[in-house]
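K.L.:
Mind having a look at this structure? Questions to follow.
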Amino acid sequence: MRQRLMAVLLALPLVVLAGRPQTVVLDVQHMTCGLCPITVKKALEKVPGVGKATVDFTKKTATVSFDPDQANTAALIKATTNAGYPSTVHK
Ligand SMILES: [Cu+2]
């Protein structure tokens, strides 16, 4: 009984800390060939907290869902920029 209570108490903070996933669309520059989106996707998915990144080569955008407690838009932009693809938030 006591052990179960302890387990519940220990698990609680994790539940509280887990933020809702947030999604952002980035305009990505310099994607000139079909392999570029793969590079951009990989760079984004390496950022801690990023769940899913999809890159649209035709629209030159990247749609990224991430945990706002671990990642933020600036970190995502930095990741694509470091990979050679500067990006900005799509408006
Ligand atoms: Cu390319």
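What follows is calculated from the coordinates using simple rules that are stated; it is not laboratory data. Since this is a predicted model, take the numbers as computed values, not measurements. Please note: Cβ atoms are built from the backbone with ideal geometry, for glycine as well, and neighbour counts cover all protein chains shown.
K.L.:
Take every Cα-Cα pair in the stretch 19-89 and report what % of them are more than 17 Å apart.
P.N.:
Within the stretch 19-89, distances greater than 17 Å cover 29 percent of Cα pairs.
K.L.:
Straight-line reach only, C-alpha to C-alpha below 17 angstrom: list the aspartates and glutamates that residue 91 could link to, leaving out same-chain residues fewer than 8 apart.
P.N.:
Within the straight-line limit of under 17 Å, residue 91 reaches these aspartates and glutamates: 27, 56.
K.L.:
So how do 38-44, 56-62 stack up, highest first, on mean other-Cβ count within 10 Å?
P.N.:
In decreasing order of mean packing, 38-44, 56-62 become 38-44, 56-62.
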